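Everything below concerns the one structure shown next.
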Amino acid sequence: MRLRPHIQVVAIFSLLLSSSGCLFRSKPVTVRMSDAPLKDATREQLVQQLNEEASKINTMNATVDILASTGGSKKGKITEYQEIRGYVLAERPNYLRMIGLLPIVRNKAFDMVTDGDTFKLYIAPKNRFYVGHNQINKPSPNALENLRPQHINDALLLHEIDPKDEIAVLEGSNEIIQDTKTKKDVEQPNYILDVVRHDKETDKWFLARKIYFSRTTLKPYRQVVYDKNGYVATDASYDDFRPADGTEFPYQIRIWRPQEEYTVTLKIVKLDLNKPMTQDQFALEQPPGSTLVNLDNHVHSANGGAGMGK
């Protein structure tokens, strides 16, 4: 009886493996699987949970410690800046203001605000007042000049998944974490919601963001936001969740902007959610004597600008 070709190959391969130990070798697995108890959820449950938690937060007023760094593989070096105290005000859907204070003297280092479309940024030590749109058409060589308050707003509050213009797809994956007992790296399953959004201008769909959920808590611990060309715009991670006004909020948020190569980490010191806010809390006037810089057309002028209000 003549064996079929593919059966002959299997037979020969098996014979070689069994007769010669030098043809293969085994090695231990360097990262083992976590034995932590896992929770299960469906796509519908994760979307519902995300939307419900997002709807619980309308405003945010926080005292924070701000740690920033610039640089990476493009620049060939990383510059870390001294941690400073600051304040973050946010109101859904698009308003955000962030103020940073200089170390020790606690004078204002910067003040920036956005309404979702445009932004204003005052850098006190340079006495410069920047204005422009949140979208960056021509990045500045100075990484911090590419900082937009909208970047903070996009990562700070997880936005709801809109069924009118967005579709969420569930993805099962794994993450590498540190075992709390052994302090060694272990592999643990997680969930990812891939959110695809409809662009009304082009009538096309694109991957807007990926939201990562822990399988031990079912809480979102990471959000990756993409631009319309498919490149990562923002990579945000969330840690140290604590109870706050009927929900749980991350007290440490790390925001990485790979295209502009800067990182901002916010460590919350004090947090108030859903307190009433007024229009003047988001109004920023150009200080007298400061230089106005329009980043949309890179025009410099003295004394100008107006407040940004709701």
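Inclusion of LEU89 among residues that are more than 21 Å from the chain's Cα centre (by Cα) and more than 24 Å from VAL195 (Cα to Cα) is not warranted.
Only one residue in PRO250, PRO287, PRO276, PRO243 is part of a strand (DSSP E or B) and either over 24 Å from the mean Cα position of the chain (by Cα) or loosely packed, with under 14 Cβ neighbours inside 10 Å (or both). Which one?
PRO243
Contact map, segment 199-226: first residue part of a loop (DSSP other than H, G, I, E, B), second residue aliphatic (A, V, I, L, M) and crowded, with 19+ Cβ neighbours inside 10 Å, Cβ cut-off under 8 Å, separation 6 or more or different chains; pairs are LEU218/LEU46.
Consider only pairs whose beta carbons are under 6 Å apart and that are at least six residues apart or on different chains; among these, list those whose first residue lies in segment 110-131 and is under 19 Å from VAL264 (Cβ atoms) and whose second residue is modelled with pLDDT under 90 and assigned to a loop (DSSP other than H, G, I, E, B). Sorted first by the residue in segment 110-131, then by its partner, the pairs are VAL113/MET308; GLY116/ASN94; PHE119/ASN134; PHE119/ARG148; LYS120/MET308; TYR130/LEU295. Against the condition touching a Pro at 6+ places or on another chain (Cβ under 9 Å) and of a type in the set (A, V, I, L, M), how does ILE84 come out, does it pass? So ILE84 passes the test.
Results for (1) surrounded by 14 or more Cβ atoms within 10 Å (Cβ to Cβ); (2) hydrophobic (A, V, I, L, M, F, W, C), shown as yes or no for each residue.
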| position | (1), (2) |
| --- | --- |
| ARG148 | yes, no |
| HIS151 | yes, no |
| LEU157 | yes, yes |
| GLU160 | yes, no |
| ILE177 | yes, yes |
| ASP199 | no, no |
| ASP203 | no, no |
| LYS210 | yes, no |
| LYS219 | yes, no |
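One residue stands out in segment 290-303 among those that are assigned to a loop (DSSP other than H, G, I, E, B) and on the phi < 0 side of the Ramachandran plot: the one that is modelled with the lowest pLDDT, namely ASN297.
Note on segment 97-184: enclosed strands (runs of 3 or more DSSP E) holding 2 or more residues that are modelled with pLDDT under 90 and in the same structural domain as GLN223 (by TED's automatic domain parsing) are 166-178.
The values are calculated or read from the model by the stated rules, or taken from the named source; none is laboratory data. This structure is a prediction, so every number in the text was calculated from the model and none was measured. Cβ coordinates were reconstructed from backbone atoms using ideal geometry, including for glycine residues, and neighbour counts include every protein chain displayed.
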